[in-house]
Amino acid sequence: MTARLDTSRAQRFAGPFRARGWWRDATFLDDLRAVAGAAPDRPAILAARAFDRTAIALTYAELAAHVDRFAAGLVALGVARGDLVAVQLPSWWQVSALALACARIGAVIAPIPVDYRRRETEFVLARTEAPVYVGPASWLGFSHRAMLRELAPALPALRHRVLAGLGTGAADPGELDLDAFFADPAHARRHPPAELDRRAPGADDAFLVMYTSGTTGEPKGVVHSYNTLHAIVRALIETAALSSADVLTTPSAMTGLVGFLYDFLVPLACGATAVYADLGDPERTLGLIEDHGVTTLYAIPSYVLGLVAAQQRHPRRVGSLRTVITGSAPVPPHLVPSARDALDVRVLSLWGMTEMGGATFTRPDDPPDWPAHSDGRPVEWMEIQIVRDPDDAGPDGPGGAGRLRVRGANLCLGYFRRPDMFAAALDDDGWFDTGDLVRPDGSGGIRIVGRAKDVIVRNGQKVPAAEVESALSSHPRVAAVALIPDPDGDLGERVVAVVVARGEPPALADLRDHLRGLGMSPQYWPDRLHLVAEMPLTSTGKIQKYVLRDQLARAGVSASTGSPPASRRSRAGYP
């Protein structure tokens, strides 16, 4: 059944956004054709696989040929214009080929992170009613084939399960081997380029339904058109001054927006080369930089610090790397000088979300350490607004932090089949409430201080969780940290610091002494410490705080009495 995607927002803004040059009439298929025609032998993709010795190399001409082949195959499977195609692959070149094949026939790609299991995968497949699923038969010891076999009876819209690595053995009804199926020349004979051309989408049509990570609630299917994505991509290219001479990589999976942008759309739009890695590991990333001359890297702050540590342990020749772009989490103050010393790079920080990609950026001409103090200022086609609570008398009250609202050409078309949720985030003037708390950075930009839904109110005062987390992350024995509220009868909420230790675990007193040394107000210091082996993360590397809250509640940590069971006190680090 063809999905009905609401493109009314695109129709509303198409005129003014085009008039300002923020949207266009072309699509990313036109970008592919332009580069394939002008520089057919230019490397488009170098795809490194964790379990292969060599990278798979595709030129732009080869990528264009694969796109037509995959598009004909999707038509052969009955994919119609407007249908959603679910793709749950690692960061392999086939993700780009499938996405552009969807574009070739007017279909919509719906990526699913490869580490999603039954509950999350079923949610996306059921909500999108995708007729085709493409994924691995198995990945990292998990059988996606078996998972889909279990899910299929409850998904009447799902007609075909195309699996990489299925092989030539006996297949269940509805199962197809990815390589064998799309290599069949019969599809192209039955569905030649002229037929594919008649299915071509417009620039304001939907291209992507990307489900949010679910850090605070139900995942939402963010719908992007070719033009909203074009505005996002343009912001990245212009801010980082990227060109066809660049080589880009990111450890972020292509089934999340960061990987979809930096591994796929950004290099495609500027005719550059993308280096894919299906498993993120700092040592491997340094090797890819050295082997392929990577010039630009996007990674979350904790991963950048992992690169720094790996380079200090085992130096590699990474002189090609000029720019590291980071975001998705607060940038610790020590990251910028550490990256500069170990990697000799400039660091740019950004703020964004699935609904609008990167919207604010620090710039190359900012002071070198500015990314440690700012999440940047908006690009020309995005506006920001800080809405403060006039009744808030705390330290982040009037003149301080407020809720961030944005509007502009990057903003998505809406939430798939949840127009009510999108409408609830918009006001009559088109301002979108991001749910983030920010304060002005003093130079026309913003600094994220926390999430409105994650606010910790201690003794009547709001605790800027992101700022405290950023400060604590600079402690030498803290590998990762998240602040969680703990209900308290006297103070309203106490502050729990959930910490992954680096080496010997710190004590609560160590953390407080560290914040004291940084000059942070005592009302922001953690009341308790809880040590964990690892953080629950989304596919984009964000900490899932609701999972931590559930874990702490089950462990008896979150209790209004303020005390865990005696057997847990020493492990939790409570005084």
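The values are calculated or read from the model by the stated rules, or taken from the named source; none is laboratory data. Predicted model, so just to flag it, every value in this text is computed and none were measured. Don't worry about glycine lacking a Cβ; one is built from the backbone with ideal geometry, like all the others, and counts go over all protein chains shown.
Inspect all residues belonging to the stretch 524-542 and state whether any of them is assigned to a strand (DSSP E or B), surrounded by 14 or more Cβ atoms within 10 Å (Cβ to Cβ), at pLDDT below 85 and under 33 Å from the mean Cα position of the chain (by Cα).
Residues of the stretch 524-542 assigned to a strand (DSSP E or B): 528-531, 537.
From what is left, the residues that are surrounded by 14 or more Cβ atoms within 10 Å (Cβ to Cβ) are 528-531, 537.
Remaining after also requiring at pLDDT below 85: 537.
Among the residues that remain, those that are also under 33 Å from the mean Cα position of the chain (by Cα) are: 537.
Yes: one or more hits.
Being out of contact with any strand residue (DSSP E or B) (no Cβ under 8 Å at 6 or more places or on another chain) and crowded, with 18+ Cβ neighbours inside 10 Å narrows it down to one of P282, P371, P337, P315, so name that one.
Numbers: P371 fails: out of contact with any strand residue (DSSP E or B) (no Cβ under 8 Å at 6 or more places or on another chain); P337 fails: crowded, with 18+ Cβ neighbours inside 10 Å; P315 fails: crowded, with 18+ Cβ neighbours inside 10 Å.
Step by step, each of P282, P371, P337, P315 is checked, and only P282 is out of contact with any strand residue (DSSP E or B) (no Cβ under 8 Å at 6 or more places or on another chain) and crowded, with 18+ Cβ neighbours inside 10 Å.
What's the total number of residues in the stretch 433-443 that are farther than 20 Å from T326 by Cβ and out of contact with any helix residue (DSSP H, G or I) (no Cβ under 6 Å at 6 or more places or on another chain)?
Number satisfying all stated conditions: 2.
For the stretch 30-62, enumerate the residues that are in contact (Cβ under 8 Å) with a residue 40 or more places away in the chain and among the aromatic types (F, W, Y).
Y60 - this is the single residue of the stretch 30-62 that is in contact (Cβ under 8 Å) with a residue 40 or more places away in the chain and among the aromatic types (F, W, Y).
If only one of G82, G165, G135 is small (G, A, S), within 27 Å of A272 (Cα to Cα) and in contact (Cβ under 8 Å) with a residue 24 or more places away in the chain, which one is it?
Working: G82 fails: within 27 Å of A272 (Cα to Cα); G165 fails: within 27 Å of A272 (Cα to Cα).
None of the others qualify; the one that does is G135.
Please go through the stretch 466-484 and give me each residue that is touching a residue at least 60 places away in the same chain (Cβ under 8 Å) and under 16 Å from D550 (Cα atoms), ordered by number.
A482, I484
Taking P378, is it out of contact with any helix residue (DSSP H, G or I) (no Cβ under 7 Å at 6 or more places or on another chain) and at pLDDT 95 or above?
Working: out of contact with any helix residue (DSSP H, G or I) (no Cβ under 7 Å at 6 or more places or on another chain): yes; at pLDDT 95 or above: yes.
Considered against the rule, which asks whether it is out of contact with any helix residue (DSSP H, G or I) (no Cβ under 7 Å at 6 or more places or on another chain) and at pLDDT 95 or above, P378 comes out as yes.
Given (1) assigned to a strand (DSSP E or B); (2) of a type in the set (V, I, T); (3) more than 30 Å from the chain's Cα centre (by Cα), identify the lone condition not met by T168.
(1) is the only condition that T168 fails.
Given the structure, is V114 among the β-branched types (V, I, T) and either assigned to a loop (DSSP other than H, G, I, E, B) or modelled with pLDDT under 95 (or both)?
Working: among the β-branched types (V, I, T): yes; either assigned to a loop (DSSP other than H, G, I, E, B) or modelled with pLDDT under 95 (or both): yes.
Yes: the conditions hold for V114.
Please go through the stretch 122-151 and give me each residue that is buried (at least 17 other Cβ atoms within 10 Å of the Cβ), of a type outside the set (A, V, I, L, M) and over 21 Å from L74 (Cα atoms), ordered by number.
Our first condition is that a residue be buried (at least 17 other Cβ atoms within 10 Å of the Cβ); within the stretch 122-151, this holds for 122-125, 127-137, 139, 144-145, 147-148, 151.
Those left that are additionally of a type outside the set (A, V, I, L, M): 122-123, 127-129, 131, 133, 135-136, 139, 144-145.
Matches in the stretch 122-151: E122, F123, W139.
Quick one: in the stretch 19-78, which of the residues that are small (G, A, S), in a loop (DSSP other than H, G, I, E, B) and within 26 Å of the chain's Cα centre (by Cα) is surrounded by the fewest Cβ atoms within 10 Å (Cβ to Cβ)?
First pass over the stretch 19-78, keeping only residues small (G, A, S): 19, 21, 26, 34, 36-39, 44, 47-48, 50, 55, 57, 61, 64-65, 71-73, 76, 78.
Those still in the list that are in a loop (DSSP other than H, G, I, E, B) too: 21, 26, 39, 50, 55, 78.
If we keep only those that are within 26 Å of the chain's Cα centre (by Cα) too, we end up with 26, 50, 55.
Numbers: A26: 14, A50: 12, A55: 17.
Filtering first and then ranking leaves A50.
What residue, among those in the stretch 447-463 that are at pLDDT 75 or above and over 23 Å from the mean Cα position of the chain (by Cα), is farthest from G492 (Cα to Cα)?
V463
Could you please let me know if T296 is buried (at least 24 other Cβ atoms within 10 Å of the Cβ) and of a type outside the set (K, R)?
Details: buried (at least 24 other Cβ atoms within 10 Å of the Cβ): yes; of a type outside the set (K, R): yes.
Considered against the rule, which asks whether it is buried (at least 24 other Cβ atoms within 10 Å of the Cβ) and of a type outside the set (K, R), T296 comes out as yes.
Exactly one condition in (1) of a type in the set (G, A, S); (2) under 20 Å from A553 (Cα atoms); (3) modelled with pLDDT of 85 or more; (4) surrounded by fewer than 24 Cβ atoms within 10 Å (Cβ to Cβ) is false for A479; which is it?
Here A479 clears every test but (2).
Given the conditions (1) under 17 Å from L98 (Cβ atoms); (2) within 27 Å of the chain's Cα centre (by Cα), which single one is not true for F123?
Checking F123 against (1) under 17 Å from L98 (Cβ atoms); (2) within 27 Å of the chain's Cα centre (by Cα), the one that fails is (1).
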